[in-house]
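Single-structure report; data block below.
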Amino acid sequence: MSQPYRESELERAVLNPLRQTTMQFYLVLGVLGLVFLWGAASLIRQWLLGLGVTGLGRPVYWGIYLSNFVFFIGISHAGTLISAILRVTQAEWRRPITRVSEAITFFALVLGGLQIWIDMGRPERVLYPLIWGRYQSPFLWDFTCIGIYLLSSTLYLYLPMIPDLARMRDHMTDAPRWRRWLYQAMSLNWHGSHEQNRRLEKGIGIMAILIIPIAVSVHTVVSWVFGMTMQPMWHSTILGPYFVVGAIFSGIAMLFIFMTLIRKAWHLEKWIGAKQYNYLGLLLLVMSAFWGYFTLAEYLTTGYGSLVHEAHVIQAKLAGEYAPWFWAMVTCNLIFPFAILLWRRGRTPTGTFIAALCVAIGMWIERFTIVAPSLTRPSLGFERAIYAPTLTEVAITLGSVALFSLLFLLFFKIFPVVSVWEVEEGQVIEAVRRKAEELAYQTG
Amino acid sequence: MARWGMVIDLDKCFACQSCTLACRMENNTPVAGPDQASRGRAILWNEVLPFVEGEYPEVTMALIPRPCQHCDNPPCTKVCPVKATYKDEEGIVCIDYGRCIGCRFCTVACPYQVRYFNWYRPEWPEALKEHLNPDPEVAPRPKGVVEKCTFCIQRLRKAREGAEAEGRPFTATDYTPACVQTCTGRARYFGDLDDPNSLVSQLAASPRAFRLLEEMGTQPKVYYLKQG
Amino acid sequence: MDKISRRDFIKIGSTATAVGAAVAAASGTRALLEQGGATATDHSGATAATSFTETWVKTTCALCPSGCGLDVRVVHGKAVKVEGNPLHPLNQGVCCLKGQAAPEVLYSPERIQHSRLQTGGRGGGDWQEIPWDEALKLVADKLVELRASGQAHTVAFIHGETRGQMRALINRFMAAYGSPNVISQDSLDEQAARLAMFLTQGINGIPVYDLNNASYVMTFGGNLLEASRHVISYLSSLAFMRRGRPQRGKLVAVHPRMSLTGTKADEWVPIRPGTYGALALGMAGVIINSGLYDADFVRDFTFGFDDFEDEAGTLHMGFKRLVLEAYPLDRVESITGVPAADIARLAGEFAINRPAVAVMPTEPGGLASGNGSYTGMAIHALNALVGSIDVPGGVLVQRFPNLADWPEVTPDTAGEASLLQERVDGAGSDVMPLALSAYQNVADRILADEPYPVNLLFFYNANPVYDAPNGDRFAQALKKVPFVVSFASTLDESAAHADLILPASTFLEVWGDDYIEGTGYAGVSLRRPVVEPVHDTRNPGDVLLSLAAEVGGPLGDGLPWRDYKELVEYRLSGLDMDWAKFEENGTWSEMVYFNAAPGSPAWGNVVGRDRLNAPKDGRFDFFSRELFAAMATPHDNDCLPRFELPVTGESADIGAYPFLLVTQTLITQPRSWEGIVPSLQEAYGLQTNMKWSSWVEVNPRAAEALGVKNGDLVWVESAVGRLKAPVRLYEGIWPNAVYMPPGQGHRTLVKWGRDSEVSVVIGANANKLLVADTEPLGGLAALSPTRVRIYKA
Ligand SMILES: Nc1nc2c(c(=O)[nH]1)N[C@H]1C(S)=C(S)[C@@H](COP(=O)(O)OP(=O)(O)OC[C@H]3O[C@@H](n4cnc5c(=O)[nH]c(N)nc54)[C@H](O)[C@@H]3O)O[C@H]1N2
Ligand SMILES: Nc1nc2c(c(=O)[nH]1)N[C@H]1C(S)=C(S)[C@@H](COP(=O)(O)OP(=O)(O)OC[C@H]3O[C@@H](n4cnc5c(=O)[nH]c(N)nc54)[C@H](O)[C@@H]3O)O[C@H]1N2
Ligand code: SF4
Ligand code: SF4
Ligand code: SF4
Ligand code: SF4
Ligand code: SF4
Ligand SMILES: [Mo]
């Protein structure tokens, strides 16, 4: 009947790592696993003893768990941006990196939600918001928005994966039983019929549009957890958009980091290349500018106004004990990205990777300098406190990052890292377009 | 239904902190100890807060005793995701320790820094447990929940029960929180703000009266009278 | 476990949380704690009617000299809450923070639970618990043996604060036994104020200030609102002075450091440490110069205002000439650092706003500058100048009730002989004719076997190894004494050097009485056990009576009561009151103070009453005739209030030790209790937000010059020692002074809270820095201002 199936070059590159496991993989897995275990052990200890093991106290009731929360939720915007916004705007170069970005979204949300649980004084009451939740609390807005976002991004990760899953069901016959079963189950009887294709495209299209407002709402609402209180420098209308911009900014950075690592590990240089780096690099630069603009707007207005309570916080950030953090943030988020990305020469994989690392770090610091300094300078203005995280908090934070990477790694040990069918579809479109151009040229 | 409120006359208050200690002994707030206290984890529901102004020799210092303000528009209850903290019918802002998930949103939202968190399980040296107040409302709080001044709500219940036992109607004067009872300068007044004839509502209307961070719109039910 | 009635049970069964609450209530909060504190209580569910066996017991506080009436809530035999006794005239239902913390004293884990003997070396810490009978026998045998060998005088009794009959009991015990050596801590303490009062007004007592009625109150160091001997009544009175009467009075606090009193005063006047006397004299000059003084009073009821001739025709200098010549404003400004214009203004305000009262401190901080008695006299002279002696709003004289007489004791010849021996502390000798005690001298004298070796030493409510300047020398001296007995309740620094500890019960477990002081009128207050003794401890009063019975002889005859309660009952039987009512109310008093009209028969009770060598002519002495009589070759200057530079303060090494150390009692510091009171530690340094620690307050400008920042650890070093403490920048302190809180620096063997260590010293003992000396005549300790330097640790 049909001739033996011949894998395309792309398919081979993507599926090979799913078939064979290298030493490096185990090494990375081991290191991440150890860090994760360290974090997990610290967390269990924290649960047994209480949040006293953190560096928190009065008046700094929230620390780096909350910073992590905002950070992770922030980077979840990678997926939305690349897959949804670029899809809606029909940017073709997005195709090889959609899967990575959607995975980032999914895992970042899981980790973000986890941070809140980690931060709870009574973790065993984690389901109480479901039982007694009340919508007056911005936390409930968060739970809701993040919940919806998590659901839709799961869907959004899953839908475009179906054709690839079917392909693996059909061709990865050498895979272990459970995986074959998994592919079988998850591919939902996909056989690429016209009708199925039509429905999938439609589904993805709807999701792409839906997910944009959801994502924006999620980050706005996250900011409102702070903004709805009357703490100095939190109680500001700019906070919502500022958080959204920051989120997209950090999302792109995170995408760069993972994309570059995967490109290297999976040898995908052919598919993820100059175009992606150039365009995304420009995007990062633009977001950096936006971020800088918002930062300026925020600090200039509060600084110029110098309301007593806010002036203390500004002082702490610009020249006080949080100044090193603040200026590190500015350097990472503004100076480095501009220095590197402004020139075409800088928008190479290495250049952007460095810039992205800077931004990722800078954006974490940004989250931290939003959470901590305001709390050290309460409005009542009697107490000055300095917050320094403990080893437990550091361990849990690193453990979270490790868990994030670990989940990511394991996920792509089972599922293809590039949306093969979408790239192929892109190649077809490209071919058709070229053909059309040729024709036009010939006829014209 | 009464609307309980407090007035503190800063001209009569000499910052003796008797209220602070009376509150601790009445409400079983735990001993933090040197290490935890140095981390800002001492739990004193009614602290006297110092605010220094000026430079030597023109220096002044305001010393303000600060219980929970029992705001009529409390920012703390609004943010609680599970309604573990709420304002009851008589205007007292309460916490349900059995429901609090320990998210500390309320501690962050309260501009008066009156809410305290149990970072660890509260502990006393064995011998000191003997003196804990056995009233059920003040049973030591578990770790991981928030606590604060309740206007000594157990005393409200006891006052009601006492009046009932004596077969007479309960009146506002039956109910005196611990800090008010012990105040050495007799600077603290307590009563029903809705009763125009009560001492507290009259004092609250005094030209010397002000409230902390009034501009925040929290509408505290604790009033202060200016010194001098 | 207590029973819960069926009805109650049904009631509480309604909500699950309420059941938790009921369990907590029924089995006591204790059980709850043991479950891990996991049971939650919901207010809305806490309608549980709980069946407590609850009683209220009235007694008297002993955590500071005020002696407030307390009303203690006792549930299931445990003292769980303290309120003020509304019927007590002093505190009238309120209670300070130390009183509030009293249950932490009662149940302190630091308490010594049984009598114990130190078996290893002194201070080695090898203790063996022994039964009370054995312990008492040990002491009684020693007493009998020493007395038999004619060594009764080599027994010494060192005591601190005593309440009610306790001081008389101690004195009587020692006198009947035959030793002159009852050494009180007063020379470190109120003796300066007492002496100043005696040398001017002729009253042996500390002045009482009628702040309820004063229009102008100026406190020269007296920390009225925070310490002071009658702190609780002064707190209420000042509140009343401000808001309880039509006209608001003014409070001015002259302190080198802005204490709570300075903070809450209408005006804080910073002053160079140790120079109150000069300020008072400068003000007197202004008042006299401007003719604002009470000329009638001065003319008719004072002595030595103008120059005068004595019987021999010698001309003596009067107060007026002294102040006008020697204390012109510019000189006073340069001594005190208070601007001349301010001095003049304050003097004017003081003289015009009558009744005005000038308050002297009772603490050595203010008066132990080696010029204590003169400083006290100078301050008190201001009161006479404006006629504030025994008028409403002025200085009152505390009255005491007439109690039943002590039975006669007939000393035997042996006792009489030993009684006449010189005292171990040298008080009453030619150098210190006016001294009653010289606590600070004991260590050196014991070490030098002067005047003879001490064989047995008792300690009661005193901890000289900690609180005396040069405490380490005291520890050495103790090693030299063959047998040392302490009545300590906790293992304080001195008790650690004892052979035998007869642990005292706390004031909440014993019978006793207390004189009501600070009201002016006479009164007594009852002390009674509010709970069963928590440990195997005894009332030192009971112990002394048991010892007396066992030793027998005149001692047994002189103290014929079986226990201290009986003694107290006997003494109070002299009062016209009903004992049952007394137990119910917890207090008895005369309730009214009658001011004596100058010159009336009653006037003799308020001026001159206790004079020994000066005429009881109803005249207030600006020129102290008592001093004139006490001195061998008196100069006029020596008999008038005057100012001397503090001995320790202005020595040559100003360059080496540029700062003056100021200590000042904090309200959070309990008295007669050296153990840790955790809740007070948690509220310790209000202005600097320091808990569980010591600190050194430095003026920010001085700190800048030193290059130290808030929180830096520094060494504070004097000629005799150094201590490490963190810096707190404080605007409210004289720039050349630094402040350290007294009362910290005790070792605790208890783990207080999580992550704290066992066996640590909480804070640092500022007394270790004090350079000590003794003031001639009165034998007062001179310990401040001590010069120190500061450098980064
Ligand atoms: N809470 C509490 N109350 C107490 C006590 C207690 O321990 N705790 N103790 C009780 C006893 S025993 C006493 S004697 C009284 C004492 O009562 P006060 O005499 O009122 O005691 P202090 O607070 O020591 O006040 C001494 C004053 O002297 C000032 N001072 C300190 N050093 C110097 C100096 O070198 N020169 C000059 N000129 N001034 C100086 C201080 O600033 C302070 O204002 O308090 C009694 N009340
Ligand atoms: N730097 C500095 N030093 C000072 C002062 C200052 O202002 N500055 N003030 C000085 C003054 S005025 C004073 S009065 C002293 C006070 O100093 P201390 O005499 O040290 O103070 P007290 O707290 O009275 O402690 C006396 C002892 O009584 C014991 N004790 C406690 N309760 C009981 C009891 O119920 N029964 C018995 N038998 N013993 C008990 C305690 O264990 C302790 O050993 O400090 C003096 N030292
Ligand atoms: S003072 Fe704070 S805790 Fe109290 S009611 Fe107001 S906001 Fe809530
Ligand atoms: S900490 Fe407790 S009371 Fe406060 S907001 Fe969270 S759940 Fe509510
Ligand atoms: S009212 Fe009661 S709970 Fe509130 S501060 Fe006063 S004593 Fe404490
Ligand atoms: S008890 Fe009264 S006088 Fe003392 S600090 Fe509290 S409010 Fe002020
Ligand atoms: S410590 Fe002093 S002022 Fe306080 S309650 Fe006791 S006796 Fe009264
Ligand atoms: Mo004293």
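The values are calculated or read from the model by the stated rules, or taken from the named source; none is laboratory data. As the structure is a computational prediction, the values presented were derived from the model and not from experiment. FYI the Cβ positions are ideal-geometry reconstructions off the backbone, even for glycines, and counts take in every protein chain you see. Heavy atoms of the whole protein, side chains included, go into the accessibility calculation; ligands, DNA and RNA do not. Shrake-Rupley method; radii C 1.70, N 1.55, O 1.52, S 1.80 Å.
Okay, here's what the table says:
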quantity: Any chance residue C:258 is at the interface with chain B (Cβ under 10 Å from one of its Cβ atoms), within 24 Å of the chain's Cα centre (by Cα), in contact (Cβ under 8 Å) with a residue 40 or more places away in the chain and away from ligand 7 (no atom under 16 Å from the Cβ); calculated: yes
quantity: Selected residue (criterion: nearest to the chain's Cα centre (by Cα)) from residues of the range B:55-85 that are more than 30 Å from residue A:116 (Cα to Cα), away from ligand 5 (no atom under 14 Å from the Cβ) and more than 7 Å from chain C (Cβ to nearest Cβ); calculated: B:62
quantity: So residue B:97, is it of a type outside the set (Asp, Glu), assigned to a strand (DSSP E or B) and more than 16 Å from ligand 6 (Cβ to nearest atom); calculated: no
quantity: Helices (runs of 4 or more DSSP H) within the range C:340-421 that include 1 or more residues modelled with pLDDT of 95 or more and among the hydrophobic types (A, V, I, L, M, F, W, C); calculated: C:340-352, C:372-385
quantity: So residue A:146, is it under 19 Å from the mean Cα position of the chain (by Cα), open to solvent by 20 Å² or more (accessible area, probe 1.4 Å) and at pLDDT below 90; calculated: no
quantity: Residue match in the range A:134-141 (condition: outside any loop (DSSP other than H, G, I, E, B) and more than 8 Å from chain B (Cβ to nearest Cβ)); calculated: yes
quantity: Those residues of the range C:651-701 which are under 26 Å from residue C:489 (Cβ atoms) and open to solvent by 30 Å² or more (accessible area, probe 1.4 Å), in sequence order; calculated: C:663, C:669, C:671, C:672, C:674, C:691
quantity: Where a residue in the range C:219-234 is acidic (Asp, Glu) and its partner, wherever it lies, is within 9 Å of ligand 1 (Cβ to nearest atom), with Cβ under 7 Å and at least six apart; calculated: C:226/C:259; C:226/C:261; C:226/C:665; C:226/C:666; C:226/C:667
quantity: Strands (runs of 3 or more DSSP E) lying entirely in the range C:698-793 (those with 1 or more residues that are of a type outside the set (D, E, K, R), away from ligand 1 (no atom under 16 Å from the Cβ) and more than 30 Å from residue C:104 (Cα to Cα)); calculated: C:713-718, C:722-729, C:786-792
quantity: Residue check for residue C:589: touching a strand residue (DSSP E or B) at 6+ places or on another chain (Cβ under 8 Å) and open to solvent by less than 30 Å² (accessible area, probe 1.4 Å); calculated: yes
quantity: Subset of the range B:121-132 [of a type outside the set (Lys, Arg), surrounded by fewer than 21 Cβ atoms within 10 Å (Cβ to Cβ) and in contact (Cβ under 8 Å) with a residue 12 or more places away in the chain]; calculated: B:125
quantity: Filtered residue count, the range C:666-681, keeping only those that are over 22 Å from residue B:41 (Cα atoms), within 13 Å of chain B (Cβ to nearest Cβ) and within 7 Å of ligand 1 (Cβ to nearest atom); calculated: 3
quantity: Matching residues in the range B:200-228 - criterion: being more than 16 Å from ligand 3 (Cβ to nearest atom), free of Cβ contacts under 8 Å to residues at least 60 places away in the same chain and of a type in the set (A, V, I, L, M, F, W, C); calculated: B:205
quantity: Criterion violated by residue C:660 - all others in (1) part of a loop (DSSP other than H, G, I, E, B); (2) within 28 Å of residue C:221 (Cβ to Cβ) satisfied; calculated: (1)
quantity: Some residue of the range A:428-442 being in contact (Cβ under 8 Å) with a residue 24 or more places away in the chain and small (Gly, Ala, Ser); calculated: no
quantity: Lone qualifier among B:66, B:24, B:41 - being within 16 Å of ligand 7 (Cβ to nearest atom) and closer than 30 Å to residue A:54 by Cα; calculated: B:24
quantity: Filter result for the condition that a residue is within 9 Å of chain C (Cβ to nearest Cβ), buried (at least 24 other Cβ atoms within 10 Å of the Cβ) and more than 26 Å from residue B:176 (Cβ to Cβ), over B:16, B:100; calculated: B:100
quantity: Residue check for residue A:207: within 14 Å of chain B (Cβ to nearest Cβ) and under 30 Å from residue A:140 (Cα atoms); calculated: no
quantity: Wholly within the range C:448-547, strands (runs of 3 or more DSSP E) carrying at least 1 residues that are basic (Lys, Arg); calculated: C:523-527
quantity: Top-ranked residue in the range C:54-73 [being open to solvent by 10 Å² or more (accessible area, probe 1.4 Å) and touching a Leu at 6+ places or on another chain (Cβ under 6 Å); ranked as farthest from ligand 2 (Cβ to nearest atom)]; calculated: C:68
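Listed here are the residues, each with its yes/no results for (1) within 14 Å of chain A (Cβ to nearest Cβ); (2) closer than 17 Å to residue B:20 by Cβ; (3) among the acidic types (Asp, Glu).
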position	(1), (2), (3)
B:123	yes, no, yes
B:129	no, no, no
B:146	yes, no, no
B:152	no, yes, no
B:161	no, no, yes
B:173	no, no, no
B:181	no, yes, no
B:192	no, no, yes
